[in-house]
Amino acid sequence: MLSLASSAICQTTGSPKTYPVAALQQDLAFLKAKLSALHPALDMYTSAERLESCFDSLGKSIQQPLTELQFLSTIAALYPLLGDGHTLFLPGTDDQGRSYLPLNVTWLDEHLFITANGTSDEHLNAGREITRINGTPVASIMDTLLMHQIRDGRNTTYPRWIINNYFKEYYRFSFGEPPTFTIELKSERGFEKVVVGSLTSDSIRANINRNASPGMIANRSSGITMRFEKGDSVAVLTIPTFETKTLKSEYGQNAKREVMSTFAMMREHKTRKLILDLRGNQGGDPSLGKLLLSYLLDEPFTLVSKGPASGTSKPHRGPFTGQLVVLMDGGCFSVTGMVLSCLERDHRATFIGEEAGGNRTVISGSPKHVRLPNTGIDCYISTRLWRLTDGPNDGHGVMPTIAVRATIEDLLSGRDAVMDVALKALE
């Protein structure tokens, strides 16, 4: 972990302000004390001795003044030991006006592909494979980014999902803010290099919209939606978040009413097959998760065995008892992981996609915000524990019944390979 942190630090141009070694050591000690005081399960995935050793090594690695981002990269090495996706560290400075690598990319099968071009250079079109950025091989870049990323337990799909959705932001966290990027691309003639300048988020978004091809349609969420496939025989219910406030503010939806109306609609259509799409749903309110489960289970259930939101819930009168297929990926986190875990324990669904990002057995949450006194880095530290089931904790999320991962060709064409498999499974 320390070698990766050092690699990132060496390549960081960072902001002009640096913090003296003494101030950084003070912030590190402050973070250690807050973690010890607030976190409910620091030893869930590592021993106290190993965590102490990591803090000691991090302290010894700070030999010179560092910028905020450089220090952030240093303390992010704690993530794999903590194994808690709700405990995270973020820059305290405002990102307004910051410049980034002007590309959207995705990491698939150990290759980094451009999925959207945020520049005016036609050499960087979607589908091109990147082999190096500013001289660093993409494998080394991804090692650094994934190692410096939150996760629940030993899960790796959640870190990969985050990086694939927010690559340019997390690249900045670990590799700083260079004014230009030398992009090495794989081509039929071998390799070619393209130099582009960093751009603001607004400029990148404008370029992506201008460069977008008809086949590469942006996947914009529309809140909770219901549609029917193959006539009325298959219903597809998409829930992008369990955050009721977000559903209200962004989509004007009353979450409870939306869920209730979708199942009423299925009853009207006499639908006996349901595809529940929870991909990218990072959680929200446990009460909404319980409401959904009350329409999917016909026996009393527990979303949480011990901890907040525990207790037995009753099924809805006349719940949906037909075939259920659930689509999931590494973005299924927090309350979504709880819902998936409950469905798995009840043997209720066929799961299609990738391992869920949230742990299936136990999670930490209810983070408290603290700010490091010198660098101003914002730290969110879990304070409570949710035991979902009394079974052993293997550090993983719910696993797919049928594993499916999209290819770059799928992404570029807009083909939903996971949905295709789900529809075939219901034939």
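Conditions tested, residue by residue: (1) in contact with a Cys (Cβ under 8 Å, 6 or more places away or on another chain); (2) within 16 Å of Phe167 (Cβ to Cβ); (3) crowded, with 18+ Cβ neighbours inside 10 Å.
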site: Asp94; (1), (2), (3): no, no, no
site: Gly97; (1), (2), (3): no, no, no
site: Asn104; (1), (2), (3): no, yes, yes
site: Gly118; (1), (2), (3): no, yes, yes
site: Val138; (1), (2), (3): no, yes, yes
site: Ile141; (1), (2), (3): no, yes, yes
site: Leu145; (1), (2), (3): no, yes, yes
site: Asn155; (1), (2), (3): no, no, yes
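Candidates are the residues of the stretch 290-303 that are farther than 18 Å from Glu243 by Cβ and part of a loop (DSSP other than H, G, I, E, B); the one that is nearest to the chain's Cα centre (by Cα) is Leu297. Here Ile162 meets the list (1) modelled with pLDDT under 95; (2) closer than 30 Å to Gly365 by Cα almost entirely, failing just condition (1). Within the stretch 401-427, residues that are within 20 Å of Trp107 (Cβ to Cβ) reach partners that are part of a helix (DSSP H, G or I) and modelled with pLDDT under 95 with beta carbons closer than 6 Å, at six or more positions or on different chains, in the pairs Ala417/Asp410.
Per the listing Gly357, Gly376, the residue uniquely farther than 26 Å from Met44 by Cβ, of a type outside the set (D, E, K, R) and touching a residue at least 40 places away in the same chain (Cβ under 8 Å) is Gly376. If a residue must be β-branched (Val, Ile, Thr) and modelled with pLDDT of 95 or more, how many such residues does the stretch 383-399 contain? Looking only at that region, the number is 2. Of everything in the stretch 281-318 that's over 24 Å from Pro367 (Cα atoms) and out of contact with any helix residue (DSSP H, G or I) (no Cβ under 8 Å at 6 or more places or on another chain), which residue is surrounded by the most Cβ atoms within 10 Å (Cβ to Cβ)? Restricting to residues being over 24 Å from Pro367 (Cα atoms) and out of contact with any helix residue (DSSP H, G or I) (no Cβ under 8 Å at 6 or more places or on another chain), the top hit is Ser294. Of all residues in the stretch 292-329, those being within 17 Å of Glu344 (Cα to Cα) and out of contact with any strand residue (DSSP E or B) (no Cβ under 9 Å at 6 or more places or on another chain) number 4. Residue check: is Gly311 farther than 24 Å from Ala235 by Cα and of a type outside the set (A, V, I, L, M, F, W, C)? So Gly311 fits the description; yes.
Scanning the stretch 382-394 for residues that are touching a residue at least 60 places away in the same chain (Cβ under 8 Å), surrounded by fewer than 17 Cβ atoms within 10 Å (Cβ to Cβ) and part of a loop (DSSP other than H, G, I, E, B) yields Thr383, Asp390, Asp394.
Each residue in the stretch 14-46 was checked for being of a type in the set (S, T, N, Q) and over 26 Å from the mean Cα position of the chain (by Cα), and 4 pass. Considering (1) part of a helix (DSSP H, G or I); (2) acidic (Asp, Glu); (3) in contact with a Pro (Cβ under 9 Å, 6 or more places away or on another chain), the lone condition that Glu250 does not fulfil carries the number (3). Answer yes or no as to whether Val421 is crowded, with 16+ Cβ neighbours inside 10 Å, within 21 Å of the chain's Cα centre (by Cα) and either assigned by TED's automatic domain parsing to the domain that holds Leu293 or closer than 26 Å to Ala309 by Cβ (or both). Judged against the criteria, Val421 is not a match.
The condition of being crowded, with 19+ Cβ neighbours inside 10 Å, of a type outside the set (Phe, Trp, Tyr), under 18 Å from Asp109 (Cβ atoms) and touching an Asp or Glu at 6+ places or on another chain (Cβ under 8 Å) holds for only one of Ile130, Ile163, that being Ile130. The criterion of at least 2 residues that are closer than 30 Å to Leu42 by Cβ and in contact with a strand residue (DSSP E or B) (Cβ under 9 Å, 6 or more places away or on another chain) is met by the following helices (runs of 4 or more DSSP H) wholly inside the stretch 147-219: 157-165, 167-175.
Has the stretch 400-416 got at least one residue that is out of contact with any helix residue (DSSP H, G or I) (no Cβ under 9 Å at 6 or more places or on another chain), modelled with pLDDT under 95, over 26 Å from Leu146 (Cβ atoms) and in a loop (DSSP other than H, G, I, E, B)?
Yes, the conditions are met somewhere in the stretch 400-416.
Select from the stretch 30-76 the residues that are basic (Lys, Arg) and either without any contact (Cβ under 8 Å) to a residue 40 or more places away in the chain or crowded, with 19+ Cβ neighbours inside 10 Å (or both) and list them in ascending order. Hits for the stretch 30-76 are Lys32, Arg50, Lys60.
Selection of first residues in the stretch 226-246 that are in contact (Cβ under 8 Å) with a residue 60 or more places away in the chain and of second residues that are small (Gly, Ala, Ser), restricted to Cβ pairs under 7 Å at least 6 apart or on distinct chains, gives the following pairs, ordered by first then second residue: Phe242/Gly283; Phe242/Gly284; Phe242/Gly289.
For every residue, the table says whether it meets (1) assigned to a helix (DSSP H, G or I); (2) at pLDDT 95 or above; (3) of a type in the set (Val, Ile, Thr); (4) in contact with a Phe, Trp or Tyr (Cβ under 6 Å, 6 or more places away or on another chain).
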{"position": "Thr46", "(1), (2), (3), (4)": "no, no, yes, no"}
{"position": "Ser53", "(1), (2), (3), (4)": "yes, yes, no, no"}
{"position": "Gln64", "(1), (2), (3), (4)": "no, yes, no, no"}
{"position": "Ile75", "(1), (2), (3), (4)": "yes, yes, yes, yes"}
{"position": "Leu78", "(1), (2), (3), (4)": "yes, yes, no, no"}
{"position": "Asp84", "(1), (2), (3), (4)": "no, yes, no, no"}
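The values are calculated or read from the model by the stated rules, or taken from the named source; none is laboratory data. Source: prediction; values computed, not measured. Methodologically, a virtual Cβ is constructed for each residue, glycine included, from the backbone with ideal geometry; neighbour enumeration extends over all protein chains shown.
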